[in-house]
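All of the numbers you see were taken from the coordinates with simple rules; none came from a lab. Note that the structure is predicted; figures quoted are calculated from it, not measured. Here the Cβ positions follow ideal geometry from the backbone for every residue, glycine too, while neighbour counts run over all protein chains shown.
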Amino acid sequence: MSVCVVIPAAGSGTRLGEPVPKAFVDLGGATILQACVAGVVASGVAERIVVVVPADLVDAAHDLVPDAIVVPGGAHRSDSVRAGLSAAGDADIVLVHDAARPLTPPDVFRRVVDAVDAGHPAVVPGLPVADTLKEVRADGSADPIPVVRTVDREVLRAIQTPQGFTVAALTRAHADDAGLATDDAGLAERCGIPVHVVAGDPLAMKITTGWDLRIARGVLAERRAQAERAEVAEELR
């Protein structure tokens, strides 16, 4: 089955505190967007990659990732995903992958594609929740905030991307132009499409804050150091 990966990268990323939109922030030799696209390519699952960026950065993005199709995004994430979906061509499966998860291992992409190919219309990667979770009465004024109850974490998963869909399922999920959600699986659930979870990976972390950026840069720096050590070892043989 033909696979297209849509990468929404039109957000400003204000919480990151950088002077440029998040996808264009440097990770140390490559931008977040470049690292993300490189990860998709390394997975080997995609016949087509569509990157969605702010309209005024389309040319800049194309220069960074010339092998991808670059299209302008919208005001909301859902608008950008719809823009990417319209450029998916004749794909059978569409993966929607956050640009802000540039360290996602290739195996995560493959697990999602395999599950959709096996007949599940909507598939997301997720991790078990390690922390104790509490529901609070968040009325915006209390400090400290009252706890309502402790939530059973055994039935919870922290959801990541790429999220995979048949084209029919993703099109149906986004049929409502006013539909807003923090992820595409949420839109699918809202219209009755069953969603399944496969194993995610800690490296599929999302870069949201400055602390996340430091971690991502450290991981990539260690990868480069390992590659350099391997090259030296090979030369000494």
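Ranked by the mean number of other Cβ atoms within 10 Å of their residues, highest first, the peptides 148-154, 110-116, 93-99 come out as 93-99, 110-116, 148-154. Cβ-to-Cβ counts within 10 Å put L127, L213 in ascending order as L127, L213, the fewest first. Build a GNM of the chain with springs between Cα atoms under 10 Å: which of V123, V52, V25 gets the top mean-square fluctuation? Result for the chain, Cα springs under 10 Å: V25 fluctuates most. For a test of the definition: using alpha carbon positions, the gyration tensor, and the 1.5 limit on a/c, classify segment 93-208 as rounded, prolate or oblate. Cα axes put segment 93-208 in the prolate bin. Label point of D26 set 7 angstrom out along Cα-Cβ; within segment 191-214, no amide nitrogen lies under 13 Å from it.
For segment 199-207, backbone phi angles converted through the Karplus equation (6.51, -1.76, 1.60; θ = phi - 60°) give residue-by-residue couplings of 5, x, 8, x, 6, 7, 4, 9, 7 Hz, Gly and Pro being listed as x. Its alpha carbons considered, segment 176-237 gives a radius of gyration followed by a Dmax of 19.9, 61 Å. This model, with +1 at the C-beta of Lys and Arg and -1 at the C-beta of Asp and Glu, gives segment 58-211 a dipole about its Cα centre of some 400 debye. Here's the picture: charge each Lys and Arg Cβ at +1 and each Asp and Glu Cβ at -1 in segment 83-154, and of T150, P128, A118 the one pushed furthest to the positive end of that dipole is T150.
Amide H contacts of G73 (H built 1.01 Å from N, in plane; Pro and chain starts excluded): V53, A55 sit under 5 Å, all sequence-distant by 5 or more or on other chains. Entry note, segment 166-232: relative contact order of 19 percent, from Cα contacts under 8 Å with a spacing of 6+ residues. Which whole-number percent is the relative contact order of the chain (Cα, under 8 Å, 6+ apart)? That works out to 23 percent. Under 5 Å between amide hydrogens, built in the peptide plane, is the criterion, and for A158 it picks out L127, V129 among residues at least 5 positions away or on other chains. In terms of surrounding Cβ atoms within a 10 Å radius of their Cβ, F109, F165, F24 rank from fewest to most as F24, F109, F165. Across segment 65-170, Cα pairs under 8 Å and at least six residues apart give a relative contact order of 32 percent.
What order do you get for S141, S12 when you list them from fewest to most C-beta neighbours inside 10 Å?
S141, S12
Coupling constants for segment 72-81 follow from the phi torsions by the Karplus curve (6.51 cos²θ - 1.76 cosθ + 1.60, θ = phi - 60°), and in residue order they are x, x, x, 6, 10, 4, 4, 4, 5, 5 Hz; glycine and proline get x. A Gaussian network model of the chain, with springs between Cα atoms under 10 Å, assigns the largest mean-square fluctuation among P144, P66, P162 to P144.
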